[in-house]
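One structure is given here, and the rest of the page talks about it.
All of the numbers you see were taken from the coordinates with simple rules; none came from a lab. All values reported here derive from a predicted model rather than from experimental measurement. When we count neighbours, we look across all protein chains shown, and the Cβ atoms used for this are built from the backbone with ideal geometry, even at glycine.
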Amino acid sequence: MASSRACFLTLALLLHVAASSMATPTPIISSTTSSSTRCYKAIYSFGDSLADTGNDAYDDTRTLPSRRTLALNLPYGETYFHHPTGRCSDGRLIVDFIAEKMGVPLLKPYLGIKNGNIKDWNSKEGVNFAVAGATALDSSFYLEKGIYNIATNYSLRVQLDWFMDLLPSICNSSSGCREVLGSSLFLVGEIGGNDFNHPLFLYKSIKEIRTYVPLVVNEISLAINKLINLGAKTLMVPGNFPLGCNFRYLTMYETTDRSEYDEAGCLKWLNKFTQYYNNELYAELNRLQDLRNQFQVLVVLLELQTIPMLRAVAARG
């Protein structure tokens, strides 16, 4: 396996390219990289629709309302896979690009493995536990507050439980697990965005929603600690992107007061909230880094890339 520092710097560069470039991503590590030289032997992913490679599609425990089945129909999946895969994209997700460039197979969804629909999963290739609509906090938290539009209860804690259930299939001893997990990359998120989306969709006050931030950050911190205790050494923890640039919020919270918008046409107050959340997450990750300096955390604050992306799209028509 390549050196830890070189792998980490490569991952940082790769994610920057995947998140900010509107052109064809620059090859960093060939997908034909041998298992003996590639940076990470496997990837384990937790999160929501930004990382879900099909768990929502393989959920056979409930009947999905029509708005939740959109990713099972074209045009979703048409530009790369040429058929819907359950990804909330017309092609690949950032997690797909990371897997490709790291030389590991595209991550298979846990529910497809668990339900027996996916039969070619290799225990050495990693797993995706992310589910579209997932929150960091359990749905019971929101139900108690009268927020009933939660899409799923496959929260971060539930996804970690899935990981623990699958762990005996990945490694069979404490030392073996530490070796396997220590040579793997963990993507913890993006998770937390839906914790704010659901109350925002109901026009809850931003003052109330700010009180959820410490709880969401704490839940992510607990997940990181649990993974480290099991043997994880390299974790990537994305921040949230600027909610004030989201088309749905630009429609919902439209105003004639031009002072409410920034130079890119995004809502200032919502982006200020996003920055507050990302700062709190960043501070917690720094605290963890100081306490447990044997692991590496790459913090990706996607809002830093969004304005250049918006301008690039506008420039290209």
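Structure values in brief
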| quantity | calculated |
| --- | --- |
| Taking N as its residue count, the alpha carbon Rg of segment 72-138 over 2.2 N^0.38 Å | 1.17 |
| Enclosed volume per residue, in Å³, of the convex hull spanned by Cα atoms of segment 150-305 | 117 |
| Rg/Rg_ref, segment 68-183, where Rg_ref = 2.2 N^0.38 Å and atoms are Cα | 1.21 |
| In Hz, Karplus ³J(HN,Hα) per residue of segment 74-84 (6.51, -1.76, 1.60; θ = phi - 60°; x = Gly, Pro) | 4, x, 4, x, 6, 8, 10, 7, 6, 6, x |
| Charge context of Ala136, other residues only, Cβ under 12 angstrom, K/R +1, D/E -1 | -4 |
